[in-house]
Amino acid sequence: MAEKARGPRPPRREVAPREDEGPDIGVEARIAAGVLLNAALEKRNGLDEALSYREVAALPPQDRAFARATAMAALRRLGEIDQILARRLKTKPSEPVMTILRVALAQTLVLETPAFAAVSTAVKLAERDAKTRPYKALVNAVLRTIGREGPGLTTAESNLPDWIAARWRATYGEPAVVGLALAGRDEPPTDLSVKPGIDAPALAESLDGFVLPGGSVRTGRRGDIAQWPGFDSGDWWVQDAAAAVPARLLAVRPGETALDMCAAPGGKTLQLAAAGASVVALDRSETRLKRLSANLARTGLSAETVAVPAEDWADPRVFDAVLLDAPCTATGTYRRNPEVLRATRPADVAKLADVQHRLLDIAAERVRPGGRLVYCVCSLEREEGETQILAFLRRNPAFRTVPADPAAVGAPPEALTPEGWLRILPSQWPEHGGLDGFFAARLERAS
């Protein structure tokens, strides 16, 4: 698949279908890929929910992994795939036919599946359903023509929904939008936060990875992480390098008290506990806190967990340090979760901004005099980041900004804003392979 501009590309991570399971296995895995793709396009968290659907859950593990990899590849390159198809189709066919074509092109153009296998299976898929059977010749012709003539030129920006691209263009400028689009085209590597006392370079070597500025280990390894070196001994936990920045920015010291609001799934709680703080992890979801508790047990770290909405927590305690990773649109995580760009709607930004406003004021009440507060979101939307802090400081004159030091917290130097906050973009650190998008600000309460 050609494009107007190309950025650094991490290794592709294809999960191939098994060759020893007979011809129907490939068809079933591709049906599952279509189910996952459509679920992701329909609603937020749709892909995760669809993993439990019969068409997906009944597959053997390797075929289930192939289905998910195919759906994710289709989501990352959906705009480009549709550009290619638009050149070959006089009129857009029904969604079931488009799903078959999208899944096939995700395999051949992104996952590098042999074209003959993808075309053959796509035709079989069309034959199976009365709604798509009349179009099997069309499916065959379109895919074979693309295979013979090539996909042609595509633009990475087409993978961004129009309204998202317009917002980012207005906020960050056209060159930045090109970089942001390129950052989302390929599956990112896996980042690990390393427990203090563990030799990070040695761990990185055992995982065929490297140590990032700030100390996170980055690896291109695939497969079951429970089988990776250091998992059973609790030496690390999975956490994007950008997601590790806010807890470093809070800079807790041994013996300090810390509150992690909206704590689950818990990577930041683990960081605070590993730094020696006495941590309370607060989250409204008891189910999500169970995952945090499991990671605490595995790593040998400790924290008090409380399953209650922040606004209903009646405990009178105040803390030396408070971390609020607020609910948000999560548009900064599109490298790992490309479905967020398709599932998010413009109204979601304003709705979640109201939630963040309320939680920031609640968090402020939990900061002792002389204590500090870090507010962060994994969103690229200004209303959820910079605008929130500007409004908060107007409402709360007892707080002031403490300028961040990007090098000290493992953030790209260009992430530092004129106000002293951090605005991390996925297009930053291309030499390291990029990272998720985040906003973080450190505030201090007057003594």
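The values are calculated or read from the model by the stated rules, or taken from the named source; none is laboratory data. Keep in mind that this is a model prediction, so the values were computed, not measured. Here the Cβ positions follow ideal geometry from the backbone for every residue, glycine too, while neighbour counts run over all protein chains shown. Areas reflect the complete protein model, heavy atoms only, side chains present, ligands, DNA and RNA absent. Shrake-Rupley method; radii C 1.70, N 1.55, O 1.52, S 1.80 Å.
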Please go through the range 268-311 and pick out each residue that is surrounded by 15 or more Cβ atoms within 10 Å (Cβ to Cβ), closer than 23 Å to Arg358 by Cα and touching a residue at least 40 places away in the same chain (Cβ under 8 Å).
Lys268, Thr305, Ala310
Taking the residues in the range 113-152 that are within 30 Å of Leu180 (Cα to Cα) and touching a Lys or Arg at 6+ places or on another chain (Cβ under 7 Å) as candidates, determine which candidate is modelled with the lowest pLDDT.
Gly152
Examine the range 247-267 for a residue that is in a helix (DSSP H, G or I), without any contact (Cβ under 8 Å) to a residue 24 or more places away in the chain and of a type outside the set (Asp, Glu), and state whether such a residue exists.
no
Give just the number: which of (1) under 30 Å from Leu296 (Cα atoms); (2) part of a helix (DSSP H, G or I) does Ala106 not satisfy?
(1)
Residue satisfying all of: in the range 344-362; surrounded by 15 or more Cβ atoms within 10 Å (Cβ to Cβ) and within 19 Å of Thr333 (Cα to Cα); modelled with the lowest pLDDT among these:
Thr344
Among the residues of the range 326-341 satisfying the criterion of being open to solvent by less than 10 Å² (accessible area, probe 1.4 Å) and either closer than 24 Å to Pro309 by Cα or of a type in the set (Asp, Glu) (or both), which is nearest to the chain's Cα centre (by Cα)?
Thr331
For the range 271-305, enumerate the residues that are in a helix (DSSP H, G or I), among the hydroxyl-bearing types (Ser, Thr, Tyr) and more than 20 Å from Val245 (Cβ to Cβ).
Thr287, Ser293
In the range 87-101, which residue that is open to solvent by less than 10 Å² (accessible area, probe 1.4 Å) and under 26 Å from the mean Cα position of the chain (by Cα) is farthest from Ala118 (Cα to Cα)?
Met98
Confirm whether Asp186 is modelled with pLDDT of 95 or more and of a type in the set (D, E, K, R).
no
Are any of the residues in the range 119-136 open to solvent by 50 Å² or more (accessible area, probe 1.4 Å), in contact with a helix residue (DSSP H, G or I) (Cβ under 7 Å, 6 or more places away or on another chain), closer than 20 Å to Leu41 by Cβ and among the charged types (D, E, K, R)?
yes
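Here's the yes/no breakdown for (1) β-branched (Val, Ile, Thr); (2) under 22 Å from the mean Cα position of the chain (by Cα):
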position	(1), (2)
Leu373	no, no
Leu393	no, no
Val402	yes, no
Pro412	no, yes
Ala415	no, yes
Pro426	no, yes
Glu431	no, yes
Gly434	no, yes
Arg442	no, no
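In the range 174-194, what count of residues is obtained for those that are out of contact with any strand residue (DSSP E or B) (no Cβ under 6 Å at 6 or more places or on another chain) and either touching a residue at least 24 places away in the same chain (Cβ under 8 Å) or under 18 Å from Leu212 (Cα atoms) (or both)?
Let us first name the residues in the range 174-194 that are out of contact with any strand residue (DSSP E or B) (no Cβ under 6 Å at 6 or more places or on another chain), namely 174-188.
With the extra rule that they be either touching a residue at least 24 places away in the same chain (Cβ under 8 Å) or under 18 Å from Leu212 (Cα atoms) (or both), the set shrinks to 176, 178-188.
Residues in the range 174-194 being out of contact with any strand residue (DSSP E or B) (no Cβ under 6 Å at 6 or more places or on another chain) and either touching a residue at least 24 places away in the same chain (Cβ under 8 Å) or under 18 Å from Leu212 (Cα atoms) (or both): 12 in total.
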